[in-house]
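Presented below is the structure to which this report refers.
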Amino acid sequence: MAKFLHILAITGGVVGGLIVATVVFAFVFLKAWKPFGGKASRADKQNYAERAANFDGKHFHNENDFSVMSMEKNPAPDPLTFSKKEPRPDFEFPTKQPDFMANPEERTPVDAFSFTWFGHSSLLLQMHGMNILIDPVFSEVISPVSFVGSKRFSHPPVTVDQLPEIDLLILSHDHYDHLDYNVICDIDAKVKHYVVPLGVENHLKRWNVAASKITNMAWWEETNINGLMIACTPAQHFSGRHLTDNMATLWCSWVFKDEYHQIFESGDSGYSTHWQNIHDKYGDFDFVMMECGQYDVQWPKVHSFPEQSVEAVKILGAKRALPIHWGAIILSRHGWDDSVERFLLAAEKEGITVLTPYIGETARLETPTLFMERWWRREAVSLLR
């Protein structure tokens, strides 16, 4: 008996030691691994509290009741899902070369607007004579480490090195499918200025971005850069890059306005009252880039279902829209084309023109019909021949 207790004590000591070692390793890893980003100082938090009504001193909050996961134990299936396809397509998405590849130093006229979609929510806007890069994610794996995570199934036709000089790099929040550590490190030398929601600046500064290049913003704040008004507007979502920083940084949508155009980019957002609040303040938009994918009945408040996304476009007073947050990364269980097809069906009923350019294709608002080919259908059908 005594021998058994002695062995048990030794075994318990070993297990206890392993647990302690694991905890210590996890703590050191969280502190040392740069892709996790930085954190706010006490002075930062005081500043956030003065500027943001939705910051309680530690965490940011949404305007309305919110939970990441559904409170229902067994929520009913999404009744509008009609695609029976797998989340990952079984063919390579076609791409096109963006216009800037022909002459990377050429600038669009100040009164023109064009955009290039790189899949998911990565966009290059050319507006007010500036190159504006939004949520650039080019890494193959969406994760803080390269060997675990969601692997993208479509690929931009250009590399970070081939992008033009970036006047503004805009981030909507700090999730890995919107804030790519590798991209920031690789592109910083050609970025003139960053505009980010509160708290995200600490990630950038940890990654050696100069503080003088960063403007951080609370909801409803506005800034003017070279004659372009940029407004940080609400979204219904959450943030975090590791286990202990949930909602420590802000998430948002964006308004871009000059004397020629008023453009909206949704970031990630569930459907809520903020769409109407944004329209009440800014009026109708010329063009909306609206998230439409990665929804699930398990997290109904985190992402909008496609029909809700179209309703948001309608509330924002836009007649033209681009569905984003699809076509590259698997974060949900719905069929790979379910989001865009449902978005198109709902938009047709509302009389909204939906642009669906190829990944990498530069599109222009003055000729929308040139960018309305539903290319994924043709590619999918060709496989059956």
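Scan the stretch 149-171 for residues that are assigned to a strand (DSSP E or B) and among the charged types (D, E, K, R) and jot them down. 151, 167 - these are the residues of the stretch 149-171 that are assigned to a strand (DSSP E or B) and among the charged types (D, E, K, R). Considering the conditions (1) more than 19 Å from residue 336 (Cα to Cα); (2) buried (at least 24 other Cβ atoms within 10 Å of the Cβ), residue 291 is excluded by exactly one of them, (1). Please indicate, with yes or no, whether at least one residue in the stretch 126-133 is out of contact with any Gly (no Cβ under 7 Å at 6 or more places or on another chain), surrounded by fewer than 22 Cβ atoms within 10 Å (Cβ to Cβ) and on the phi > 0 side of the Ramachandran plot. Yes.
The residue pairs whose first member lies in the stretch 46-69 and is in contact (Cβ under 8 Å) with a residue 12 or more places away in the chain, whose second member is part of a helix (DSSP H, G or I) and open to solvent by 50 Å² or more (accessible area, probe 1.4 Å), and whose beta carbons are closer than 7 Å, counting only pairs six or more residues apart or on different chains, are 55/49; 57/45; 57/49.
Can you find a residue that is of a type outside the set (D, E, K, R) and not in a loop (DSSP other than H, G, I, E, B) anywhere in the stretch 135-148? Yes.
The residues listed here are 76, 40, 49, 53; of these, the one that is at negative phi, open to solvent by 60 Å² or more (accessible area, probe 1.4 Å), within 25 Å of the chain's Cα centre (by Cα) and small (Gly, Ala, Ser) is 53. Within the stretch 153-162, track down each residue that is touching a strand residue (DSSP E or B) at 6+ places or on another chain (Cβ under 7 Å) and open to solvent by less than 10 Å² (accessible area, probe 1.4 Å). Answer for the stretch 153-162, where residues must be touching a strand residue (DSSP E or B) at 6+ places or on another chain (Cβ under 7 Å) and open to solvent by less than 10 Å² (accessible area, probe 1.4 Å): just 154. Going by the structure shown, is residue 150 open to solvent by 10 Å² or more (accessible area, probe 1.4 Å), hydroxyl-bearing (Ser, Thr, Tyr) and out of contact with any strand residue (DSSP E or B) (no Cβ under 8 Å at 6 or more places or on another chain)? No, not satisfied. Scan the stretch 203-214 for residues that are in a helix (DSSP H, G or I) and in contact (Cβ under 8 Å) with a residue 12 or more places away in the chain and jot them down. Matches in the stretch 203-214: 203, 204, 205, 206, 213. Any idea which residue in the stretch 96-144 is farthest from residue 225 (Cα to Cα), counting only those that are free of Cβ contacts under 8 Å to residues at least 12 places away in the same chain and of a type outside the set (D, E, K, R)? Among those that are free of Cβ contacts under 8 Å to residues at least 12 places away in the same chain and of a type outside the set (D, E, K, R), it is 141. Number of residues in the stretch 89-122 that are at pLDDT 95 or above, surrounded by 14 or more Cβ atoms within 10 Å (Cβ to Cβ) and part of a loop (DSSP other than H, G, I, E, B) equals 12.
Residue-by-condition table, conditions (1) assigned to a strand (DSSP E or B); (2) open to solvent by less than 10 Å² (accessible area, probe 1.4 Å); (3) touching a Pro at 6+ places or on another chain (Cβ under 8 Å); (4) touching a residue at least 12 places away in the same chain (Cβ under 8 Å):
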| site | (1), (2), (3), (4) |
| --- | --- |
| 173 | no, yes, yes, yes |
| 185 | no, no, no, yes |
| 188 | no, no, no, yes |
| 216 | yes, no, yes, yes |
| 230 | yes, yes, no, yes |
| 235 | no, yes, no, yes |
| 242 | no, no, yes, yes |
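Would you point out the residue of the stretch 252-267, among those that are assigned to a loop (DSSP other than H, G, I, E, B) and open to solvent by less than 10 Å² (accessible area, probe 1.4 Å), that is nearest to residue 134 (Cα to Cα)? Taking the candidates together, the pick is 267.
The values are calculated or read from the model by the stated rules, or taken from the named source; none is laboratory data. None of these values were measured; they are calculated from a predicted model. When we count neighbours, we look across all protein chains shown, and the Cβ atoms used for this are built from the backbone with ideal geometry, even at glycine. Heavy atoms of the whole protein, side chains included, go into the accessibility calculation; ligands, DNA and RNA do not. Shrake-Rupley method; radii C 1.70, N 1.55, O 1.52, S 1.80 Å.
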